[in-house]
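The values are calculated or read from the model by the stated rules, or taken from the named source; none is laboratory data. Just so it is clear, the structure is predicted and the values come from calculations on it, not from any experiment. As a convention, Cβ positions derive from the backbone with ideal geometry for all residues, glycine included, and neighbour counts pool all protein chains shown. These accessible areas exclude ligands, DNA and RNA; they are computed on the full protein's heavy atoms, side chains included. Shrake-Rupley method; radii C 1.70, N 1.55, O 1.52, S 1.80 Å.
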Amino acid sequence: MTSTPISFWHDSLEPGDRLEPRPALPGDRQADVAIVGAGFAGLWTAYYLLQADPSLRVVVIEAETAGFGASGRNGGWAVPETGAPLDVLEREGGAGTAAAMMREMFRAVDEIGEVSRREDIDCGYAKGGALWLASDTAQLRRQQRRLAMLERHGLGDAYELLGPAQTTARVNATGVHGSLWSPQAAAVHPARLARGLACAVERRGGVIHEKTPALRLDARKVTTPHGVLSADVVVRATEAYTASIKGRERAIAAIGNFVIATEPIGDDLWGEIGLSRRELFEDTPIFLAYGQRTADGRIVWGGCGAPYWFGSRPPPSPMRSPVIAERLRARLVARFPMLRDVAITHHWGGVMGMSRDQRSSVGYDPATGHAWAGGFGGAGVAPTNTAGRTLADLITGADTDLARRPWVNHRSPLWEPEPLRWVGVTTMMARLRRLERRERLRG
């Protein structure tokens with residue numbers, strides 16, 4: 001197992017992209033909209049703002065480089081996630097709200113592909129759908145309940161429960177009791193998508209300053225080590241790194257996630273495995289594991305653990321966890337024994353942002369000029385696209401359905417101060433591990 005800078009995705013960027021940082025903020029500057037964070041949420045917001053009004057002075061600042069965080073390290077899963085339970089959305093927004101929100105996320109999956117084609121972003125976009133595998137009766141019951149909920153909200157046309165034979169016809173995994181299938185999902189190369197999106201923002205007139213961390217956010221200004229960026233609107237899109245900003249330490253908890261990638265797999269072996277349409281696939285115990293077949297014929301496989309670091313301060317990059325990497329390899333080979341002699345070439349980690357009520361939200365307060373998007377919980381590849389379109393509508397004052405969805409201006413409660421937060425999160429994780437072990441023993 002060899003190390004790589006940051007992630008496999010960063011190790012396989014488009015030719016010529018050497019991750020050389022853009023210039024930092026050159027002293028005090030003015031903008032119409034300042035966006036803090038050059039991950040998916042910040043970049044999609046910039047992109048759609050400039051699409052709506054090319055005259056806007058949009059400036060993005062980033063502590064490292066575009067796509068450095070979770071946007072460049074995730075599993076490349078563009079799947080529809082509503083950011084809150086469907087029943088909660090329906091209760092808050094009225095009849096039909098949950099289905100409308102989910103279908104907006106379906107649109108986000110397609111929109112990522114359309115923008116990638118329009119902007120010539122070579123991110124390996126493949127809308128092959130997704131399979132949520134059930135490897136025991138408990139997991140199968142969870143998928144059955146999930147389908148029943150989706151059907152109750154009028155979304156059954158986009159999901160289907162498959163039996164064991166139907167499932168293994170798509171992906172030849174062992175011990176499968178069935179799966180939940182949806183065509184509304186796509187595999188992407190996330191770092192190429194993020195880096196390409198940053199270039200698209202610049203082509204539309206946006207300015208990106210890297211190596212420019214935000215130290216403090218105040219009304220209509222951002223303080224950095226290089227100067228103050230003043231703007232009519234300041235968008236916080238810092239997700240798991242939010243705790244690094246003074247006064248925002250309890251807004252978002254940073255939860256770890258680790259991933260491995262195999263060497264390229266030969267065609268004969270792919271003939272045994274399946275995934276001919278590059279379907280995404282997920283093993284669904286409580287500590288799930290998720291995978292994709294990459295455009296260059298590898299399997300990228302992540303999950304199997306979610307460590308929390310005191311104070312929501314993740315370790316420096318590149319991040320490693322040999323224990324979780326071995327756990328991932330063991331589960332991958334258990335599901336696909338034909339991979340036992342295939343080498344693991346890359347192992348990396350990243351952090352996802354979790355709100356206290358585990359809900360995603362976007363918002364804008366015209367009185368203070370503060371806007372935000374966050375709390376995507378590791379499932380933000382597609383929802384951040386919807387978030388960017390929503391923030392663009394809110395900031396420009398467009399009267400759209402997006403601006404009225406239940407996640408708009410939702411305020412998650414703050415996390416408890418340390419050490420209570422660390423005790424609570426680690427105790428919850430230990431309880432979930434015990435529950436998973438009991439489920440596995442029952443089969």
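Side notes on the structure shown:
- Among strands (runs of 3 or more DSSP E) entirely within segment 192-255, having at least 2 residues that are more than 24 Å from residue 314 (Cα to Cα) and open to solvent by less than 10 Å² (accessible area, probe 1.4 Å) singles out 227-236.
- Filtering segment 45-70 to residues that are open to solvent by 20 Å² or more (accessible area, probe 1.4 Å) and either free of Cβ contacts under 8 Å to residues at least 24 places away in the same chain or within 19 Å of residue 243 (Cα to Cα) (or both) leaves 55, 62, 63, 64, 68, 70.
- Checking 388, 349, 378 one by one, the residue that is modelled with pLDDT under 95, of a type in the set (Gly, Ala, Ser) and farther than 22 Å from residue 216 by Cα is 378 and no other.
- For segment 338-368, the tally of residues that are under 30 Å from residue 262 (Cα atoms) and either in contact with a Phe, Trp or Tyr (Cβ under 9 Å, 6 or more places away or on another chain) or open to solvent by less than 50 Å² (accessible area, probe 1.4 Å) (or both) stands at 15.
- Of residues in segment 256-294 being β-branched (Val, Ile, Thr) and assigned to a loop (DSSP other than H, G, I, E, B), the one modelled with the lowest pLDDT: 286
- Inter-residue pairs, beta-carbon under 9 Å, first on the phi > 0 side of the Ramachandran plot and in segment 92-112, second modelled with pLDDT of 95 or more, 6+ apart: 96/90; 96/153; 96/154
- Hey, residue 296 over 24 Å from residue 438 (Cα atoms) and in contact (Cβ under 8 Å) with a residue 40 or more places away in the chain or not: yes
- Meets criteria (touching a Phe, Trp or Tyr at 6+ places or on another chain (Cβ under 7 Å) and of a type in the set (A, V, I, L, M)) for residue 193: no
- One residue from 310, 287 being open to solvent by 10 Å² or more (accessible area, probe 1.4 Å), closer than 27 Å to residue 127 by Cα and hydrophobic (A, V, I, L, M, F, W, C): 287
- Residue within segment 391-410 that is touching a helix residue (DSSP H, G or I) at 6+ places or on another chain (Cβ under 6 Å), free of Cβ contacts under 8 Å to residues at least 60 places away in the same chain, closer than 29 Å to residue 220 by Cα and of a type in the set (Val, Ile, Thr) present: yes
- Pair list, Cβ under 6 Å, 6 or more apart: segment 193-204 residue over 16 Å from residue 19 (Cβ atoms), other residue of a type in the set (Asp, Glu): 200/119
- Residue count for segment 24-39 satisfying the condition of being surrounded by fewer than 15 Cβ atoms within 10 Å (Cβ to Cβ) and either modelled with pLDDT under 95 or not polar (S, T, N, Q) (or both): 3.
- Pairing each residue of segment 420-438 that is closer than 18 Å to residue 249 by Cα with any residue that is open to solvent by 40 Å² or more (accessible area, probe 1.4 Å), provided the two are 6+ apart or on different chains, yields C-beta distances under 6 Å for 422/310.
- Residue list for segment 405-423, filter: in a helix (DSSP H, G or I) and open to solvent by less than 40 Å² (accessible area, probe 1.4 Å): 421
- Segment 375-395, residues that are open to solvent by less than 10 Å² (accessible area, probe 1.4 Å) and at positive phi: 375
- Any hit, segment 317-327, residues being at pLDDT below 95, over 23 Å from residue 433 (Cα atoms), not aromatic (Phe, Trp, Tyr) and not in a strand (DSSP E or B): yes
- Taken across segment 263-279, residues that are of a type in the set (Gly, Ala, Ser), surrounded by fewer than 24 Cβ atoms within 10 Å (Cβ to Cβ), closer than 30 Å to residue 437 by Cβ and over 24 Å from the mean Cα position of the chain (by Cα) do occur, with at least one present.
- Meets criteria (within 30 Å of residue 313 (Cβ to Cβ) and touching an Asp or Glu at 6+ places or on another chain (Cβ under 6 Å)) for residue 386: yes
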